[in-house]
Amino acid sequence: MPIEFLISALVTLLVVVDPVGLVPAFLGITDGLSQKSRRQVALRACLIAGAILIGAALIGDWLLRQLGITLPAFRIAGGLLLFAVAFEMVLGLRVKRDARDAEQAVEEHVHDVAAFPLAIPLMAGPGAITATILLAGQAAYRPQWLGLLLVVVVVVVMAACLASFFAAERIGKLLGVTGNVVLSRLLGVILAALAVQYVVDGVRAAFGF
């Protein structure tokens with residue numbers, strides 16, 4: 001049913017992108033900028049990341065076919081990749097990597113930090129792109145489902161990112177270090193379960209179980 005697909009897609013993409021978890025990286029990247037400039041960076045990053053994810057949903061399946069990759073095979077590979085992301089979240093490795101990317105961006109004086117590293121790879125990274133292609137594969141030959149994925153899920157996730165960035169300073173103070181760590185670990189466990197389900201579905205489809 002569309003409602004079940006909508007909930008599953010929304011939870012998956014929200015967990016992978018992790019809008020609240022991006023707040024520390026956003027604060028680090030935009031350190032020293034005025035509030036107006038921060039809002040401009042946040043809006044531009046969300047637009048870029050949203051466009052990338054929509055593009056992945058629209059042409060991802062076509063690209064796989066051109067490369068001779070079946071959807072079940074991609075589900076298995078994508079599930080393993082998402083599990084790796086979840087593993088990093090549970091162990092706190094993703095937070096360290098995001099902080100390092102943010103620090104490198106500032107040190108290298110990247111002019112358009114909205115595109116890199118905020119939109120790519122922090123928001124629309126390999127995990128988010130993989131999840132979007134997998135979800136689009138589930139919606140194959142169902143225009144209504146694909147429309148829900150593009151219009152509702154991606155837009156809602158990007159809106160959540162924008163809201164988190166706009167309230168970044170308040171969220172950072174509210175969560176603190178401990179709250180951010182707990183949230184990241186919890187989302188990592190949920191993502192790990194979703195990743196395993198993708199692998200199971202891919203194996204079933206590949207071997208006809």
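Here are the numbers for the structure shown:
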quantity	calculated
Residue among Val181, Val189, Val177, Val154 that is closer than 28 Å to Ala42 by Cα and out of contact with any helix residue (DSSP H, G or I) (no Cβ under 8 Å at 6 or more places or on another chain)	Val177
Residue within the stretch 24-33 that is of a type in the set (Phe, Trp, Tyr), in a helix (DSSP H, G or I), crowded, with 21+ Cβ neighbours inside 10 Å and at pLDDT 85 or above present	yes
Qualifying residue in the stretch 99-115 (condition: modelled with pLDDT under 85, of a type in the set (S, T, N, Q) and in a helix (DSSP H, G or I))	yes
Helices (runs of 4 or more DSSP H) wholly inside the stretch 138-209 that include at least 2 residues being touching a Cys at 6+ places or on another chain (Cβ under 6 Å), of a type outside the set (Ser, Thr, Tyr) and surrounded by 14 or more Cβ atoms within 10 Å (Cβ to Cβ)	155-166
Evaluation of Leu10 against (1) in a helix (DSSP H, G or I); (2) over 25 Å from Ala195 (Cα atoms) (one fails), failing number	(2)
Residue tally, condition farther than 17 Å from Leu135 by Cα and either in contact with an Asp or Glu (Cβ under 7 Å, 6 or more places away or on another chain) or loosely packed, with under 15 Cβ neighbours inside 10 Å (or both), over the stretch 1-21	0
Complete set of residues in the stretch 1-41 that are hydroxyl-bearing (Ser, Thr, Tyr) and farther than 21 Å from Gln144 by Cα	Thr30, Ser34, Ser37
Filter result (modelled with pLDDT under 85 and in a helix (DSSP H, G or I)) within the stretch 121-136	Pro121, Leu122, Pro126, Gly127
Qualifying residue in the stretch 51-60 (condition: out of contact with any helix residue (DSSP H, G or I) (no Cβ under 7 Å at 6 or more places or on another chain), at pLDDT 85 or above and at positive phi)	no
Subset of the stretch 40-71 (residues that are surrounded by fewer than 16 Cβ atoms within 10 Å (Cβ to Cβ), of a type outside the set (A, V, I, L, M, F, W, C) and part of a helix (DSSP H, G or I))	Gln40, Gly55, Arg65, Gln66
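To keep it simple, each residue is scored yes or no on (1) closer than 15 Å to Ala84 by Cβ; (2) at pLDDT 85 or above; (3) of a type in the set (Gly, Ala, Ser).
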| position | (1), (2), (3) |
| --- | --- |
| Leu175 | no, no, no |
| Val182 | no, no, no |
| Arg185 | no, no, no |
| Leu194 | yes, no, no |
| Tyr198 | yes, no, no |
| Val203 | no, yes, no |
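The values are calculated or read from the model by the stated rules, or taken from the named source; none is laboratory data. The structure presented is a predicted model; accordingly, all values stated were derived computationally and were not measured. FYI the Cβ positions are ideal-geometry reconstructions off the backbone, even for glycines, and counts take in every protein chain you see.
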